[in-house]
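Every read-out reported here was derived from the displayed coordinates using simple, explicitly stated rules and does not represent laboratory data. Everything numeric here is computed off the predicted structure, so don't read it as measured data. Positions of Cβ are generated from backbone atoms using ideal geometry, with glycine treated the same way; all protein chains shown enter the neighbour counts.
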Amino acid sequence: EAQVTQNPRYLITVTGKKLTVTCSQNMNHEYMSWYRQDPGLGLRQIYYSMNVEVTDKGDVPEGYKVSRKEKRNFPLILESPSPNQTSLYFCASSSGGFGYTFGSGTRLTVV
Amino acid sequence: SQQGEEDPQALSIQEGENATMNCSYKTSINNLQWYRQNSGRGLVHLILIRSNEREKHSGRLRVTLDTSKKSSSLLITASRAADTASYFCATRADTGRRALTFGSGTRLQVQP
């Protein structure tokens, strides 16, 4: 089944403890992206990748890192999470010129 | 930055009625897409309309695009309770960054 898989689905962590949210797609898509969704603010793009080793900042990249070493994987790294990064995170992928396929989301709480 | 702005923010209708949602955007686009999101879940792609298209249909969905007014509308005909969800428009810019920029969404409630 064509899909984008994110893990974990839920995560509670403490301020400053590094974490990684994984994202993997099995559709051989070139484009991958990370979004965060907050009440009243909609979806905001964090980072974007056009292909392996090619990444670009989105609208809210501060406090996040990404890497694209393989086409299928696009992990999101929070080196030192803070409470304002508590949010619902989505990974998405696309082959370009078509719609994005979204993962099921990761609900992150930073205390 | 928010490229698309949906209108209305919330809409409540009865089953069987039509639902119309509007989206306005600011910059020149390559395409515009509509997505549906059930509460707290991932977004599902509904339909994509390219900048050189004016209207597109998919089942009970009809999307129009007016590039001169920088606006789009999504019409859901003969709505069902299962259509209850949030609907987002998203635009891909014509130049520069190719990623999607989402609007704030319309919350649709279809009463059985």
Yes/no for B:T91 being closer than 28 Å to A:T55 by Cβ, at the interface with another protein chain (Cβ under 9 Å from one of its Cβ atoms) and touching a strand residue (DSSP E or B) at 6+ places or on another chain (Cβ under 8 Å): no
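Being out of contact with any Gly (no Cβ under 8 Å at 6 or more places or on another chain) and on the phi > 0 side of the Ramachandran plot is true for just one of A:E70, A:E53, A:E62. Which residue is that? Break it down stepwise before answering.
On the way: A:E70 fails: on the phi > 0 side of the Ramachandran plot; A:E62 fails: on the phi > 0 side of the Ramachandran plot.
The match here is A:E53.
Hey, could you check the stretch B:36-72 for residues that are among the hydroxyl-bearing types (S, T, Y) and surrounded by fewer than 14 Cβ atoms within 10 Å (Cβ to Cβ) and say which is farthest from A:T5 (Cα to Cα)? Talk me through it step by step, then tell me what you get.
So in the stretch B:36-72, the residues among the hydroxyl-bearing types (S, T, Y) come out as B:39, B:51, B:58, B:64, B:67-68, B:71-72.
From the residues that got through so far, the ones that are surrounded by fewer than 14 Cβ atoms within 10 Å (Cβ to Cβ) too are B:39, B:58, B:68.
On the way: B:S39: 19, B:S58: 27, B:S68: 39 Å.
Only one residue tops the list, namely B:S68.
For A:T5, state whether it is of a type in the set (S, T, N, Q), over 10 Å from the mean Cα position of the chain (by Cα) and assigned to a strand (DSSP E or B). Explain how you work it out, then say what you get.
On the way: of a type in the set (S, T, N, Q): yes; over 10 Å from the mean Cα position of the chain (by Cα): yes; assigned to a strand (DSSP E or B): yes.
Criteria met by A:T5.
Tell me, which residue of the stretch A:58-89 that is in a strand (DSSP E or B) and within 14 Å of chain B (Cβ to nearest Cβ) is farthest from A:S104 (Cα to Cα)? Walk me through it before giving the result.
At the first step, the residues of the stretch A:58-89 found to be in a strand (DSSP E or B) are A:65-66, A:73, A:76-78, A:87-89.
From the residues that got through so far, the ones that are within 14 Å of chain B (Cβ to nearest Cβ) too are A:66, A:87-89.
Numbers: A:V66: 19, A:S87: 14, A:L88: 10, A:Y89: 9 Å.
If we take residues in the stretch A:58-89 being in a strand (DSSP E or B) and within 14 Å of chain B (Cβ to nearest Cβ), then A:V66 is farthest from A:S104 (Cα to Cα).
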Any hit, the stretch A:32-51, residues being in a strand (DSSP E or B), touching a residue at least 60 places away in the same chain (Cβ under 8 Å) and of a type in the set (G, A, S): yes
Top-ranked residue in the stretch B:58-77 [being over 20 Å from B:G105 (Cβ atoms) and either of a type in the set (S, T, Y) or within 13 Å of the chain's Cα centre (by Cα) (or both); ranked as farthest from the other protein chains (Cβ to nearest Cβ)]: B:S68
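Could you tell me which of the residues A:K57, A:K17 is without any contact (Cβ under 8 Å) to a residue 40 or more places away in the chain and among the basic types (K, R)? Show your work before the answer.
Working: A:K17 fails: without any contact (Cβ under 8 Å) to a residue 40 or more places away in the chain.
Being without any contact (Cβ under 8 Å) to a residue 40 or more places away in the chain and among the basic types (K, R) holds for just one of A:K57, A:K17, which is A:K57.
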